[in-house]
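**Student:** Let me give you the structure first, and then I'll get to my questions.
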Amino acid sequence: MTGGETRHRPYVVAPGGAMRAALRLARLHLDSRRVPAALAVVAACAVGLRVALRWQWEAYGALQLPLIFETGCAVAIAVTATSLLGEPERVTGRWLPLLRLSTTLALTVAAVGALAVAGAGAHLAGGTVEVLRNLAGLVGIGLLCAALLGGAQAWAGPTTYLVISLYALYTQWHGPALTTPWLWPARPPYDLGAAVCAALVFSAGVALIAVRGARDTGPETARSG
């Protein structure tokens with residue numbers, strides 16, 4: 001250095017450092033979303049379904065049973081839309097929508113896989129196809145509730161829809177039957193209209209959460225309000 005000038009070396013992030021930073025960001029995101037707890041709930045629902053499938057059920061009960069555990073998984077996934085970090089999470093910038101999207105999709109796939117494995121070798125009404133359709137739609141409802149009402153109310157949508165769906169299943173035996181595809185749990189597994197409705201709700205919920213996140217973003221938002 002000469003003439004009182006100070007030279008600054010450009011700051012360069014080593015490839016290994018960038019990878020460690022990305023992994024740390026992902027880990028913090030998962031922790032702030034209670035993802036480990038959500039996975040524990042999914043595992044518990046899968047175990048509960050497996051145990052329940054060992055019993056003998058009449059046709060009506062056999063259709064109700066998987067839907068109850070699917071709703072439990074959907075609620076656990078929807079609750080992860082809310083971050084414990086609050087507004088400071090926004091510093092993740094452009095990565096935040098991708099993290100939200102990948103977390104939701106990964107949890108949904110994990111839940112479908114867990115319930116499918118739980119029903120393997122047993123009489124799971126509707127099979128894996130119905131599990132995928134019902135769970136995806138329920139997750140979408142929960143995410144829409146999280147985005148519109150707040151993460152603390154994310155359970156309300158799937159739970160309310162569960163009650164309505166159970167009634168729709170009841171009407172299949174006692175009439176008059178509710179046949180709208182928007183009540184997809186009451187439709188056959190390969191019903192195209194029901195699958196489209198569930199997919200639309202799931203896509204809308206995932207897109208809204210990825211772009212906007214939950215209405216309440218954590219404790220700091222609650223304090224500022």
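The values are calculated or read from the model by the stated rules, or taken from the named source; none is laboratory data. Because the structure is predicted, anything quoted here is derived from the model rather than measured. Counting neighbours? That spans all protein chains shown, and the Cβs are built from the backbone with ideal geometry, glycine included. Keep in mind that these areas ignore ligands, DNA and RNA; they rest on the heavy atoms of the full protein, side chains included. Shrake-Rupley method; radii C 1.70, N 1.55, O 1.52, S 1.80 Å.
**Student:** Could you count how many residues in region 96-150 are among the hydrophobic types (A, V, I, L, M, F, W, C) and outside any helix (DSSP H, G or I)?
**Tutor:** So the count comes out to 5.
**Student:** Quick one: how many residues across region 173-225 are assigned to a loop (DSSP other than H, G, I, E, B) and either within 19 Å of the chain's Cα centre (by Cα) or modelled with pLDDT of 80 or more (or both)?
**Tutor:** The total comes to 19.
**Student:** Determine, yes or no, whether Ala110 is open to solvent by 10 Å² or more (accessible area, probe 1.4 Å), touching a residue at least 12 places away in the same chain (Cβ under 8 Å), small (Gly, Ala, Ser) and within 12 Å of Ala74 (Cα to Cα). Full working, then the answer.
**Tutor:** On the way: open to solvent by 10 Å² or more (accessible area, probe 1.4 Å): yes; touching a residue at least 12 places away in the same chain (Cβ under 8 Å): yes; small (Gly, Ala, Ser): yes; within 12 Å of Ala74 (Cα to Cα): yes.
It is true that Ala110 is open to solvent by 10 Å² or more (accessible area, probe 1.4 Å), touching a residue at least 12 places away in the same chain (Cβ under 8 Å), small (Gly, Ala, Ser) and within 12 Å of Ala74 (Cα to Cα).
Listed here are the residues, each with its yes/no results for (1) over 23 Å from Gly193 (Cα atoms); (2) at pLDDT below 90; (3) surrounded by 17 or more Cβ atoms within 10 Å (Cβ to Cβ).
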{"residue": "Ser102", "(1), (2), (3)": "yes, yes, no"}
{"residue": "Val139", "(1), (2), (3)": "no, no, yes"}
{"residue": "Ala147", "(1), (2), (3)": "yes, no, yes"}
{"residue": "Ala152", "(1), (2), (3)": "yes, yes, no"}
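**Student:** Do we have any residue at all in region 47-70 that's at pLDDT below 90, among the charged types (D, E, K, R) and assigned to a loop (DSSP other than H, G, I, E, B)?
**Tutor:** Within region 47-70, one or more residues are at pLDDT below 90, among the charged types (D, E, K, R) and assigned to a loop (DSSP other than H, G, I, E, B).
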